[in-house]
1. Name every residue in segment 65-102 that is at pLDDT 95 or above and touching an Asp or Glu at 6+ places or on another chain (Cβ under 6 Å), in order of residue number.
2. Considering only residues that are touching a Lys or Arg at 6+ places or on another chain (Cβ under 6 Å) and not in a helix (DSSP H, G or I), look in segment 126-160 and name the one that is surrounded by the most Cβ atoms within 10 Å (Cβ to Cβ).
3. Looking at (1) free of Cβ contacts under 8 Å to residues at least 24 places away in the same chain; (2) surrounded by 15 or more Cβ atoms within 10 Å (Cβ to Cβ), can you tell me which one Arg79 breaks?
4. For Ala41, all conditions in the list (1) touching a Gly at 6+ places or on another chain (Cβ under 8 Å); (2) more than 16 Å from Ile110 (Cα to Cα) hold save one; what is the number of the exception?
5. Please work out if Leu49 is touching a strand residue (DSSP E or B) at 6+ places or on another chain (Cβ under 9 Å) and touching a residue at least 40 places away in the same chain (Cβ under 8 Å).
Amino acid sequence: MAETKKAPLEGDQLYIGTPNGVVICVDGLRDGLPAGRFWHAHGAEAFPLRSFGDMALSLEDYFNTIQFPRAATNDRHFREAAPHEAHISAERLLSDGELLGKYGELATFILRVQQRENSTWQGRLTWEEKNSTRSFRSLIGLLQLLESAIRQAAEEKEGA
């Protein structure tokens, strides 16, 4: 899907600022789940967004691969971990400017996971269209922020 051109970014919240920054592009809802794609600097192509839960699992693998932020605890498995199927390069393939040039039709978010402590994530999420940044202290908190913002964006789009 071609990226929609928008005006240059404005505001002090709109930056990546971390080697593991992710841009989440939500185009709409399919069967109540977000649909779109997400990008990070170590992948040349977008990763499909089928649900926020699937995205979280993919990003956990990504953070483990680039070892940033380092996990405070090790993953536990009932079976051997499968090799990473994601196309993650050891080197950075996209610049911050290229990442910030990606947009969703419904909403765009900049995710900055700063720590992975207590077997969960801590960081900040910026809703680009609103130039609004919120901190989260757990993966569940992040998912709640995303779900709430998507619900609000869908309601605003229907009302327009």
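The values are calculated or read from the model by the stated rules, or taken from the named source; none is laboratory data. Quantities reported herein were computed from a predicted structural model and do not represent experimental measurements. We place every Cβ from the backbone using ideal geometry, glycine too, and count neighbours over all the protein chains shown.
1. Of everything in segment 65-102, just one residue is at pLDDT 95 or above and touching an Asp or Glu at 6+ places or on another chain (Cβ under 6 Å), namely Lys102.
2. Thr133
3. For Arg79, the failing item is (2).
4. So Ala41 meets the others, but not (2).
5. Details: touching a strand residue (DSSP E or B) at 6+ places or on another chain (Cβ under 9 Å): yes; touching a residue at least 40 places away in the same chain (Cβ under 8 Å): no.
No, not satisfied.
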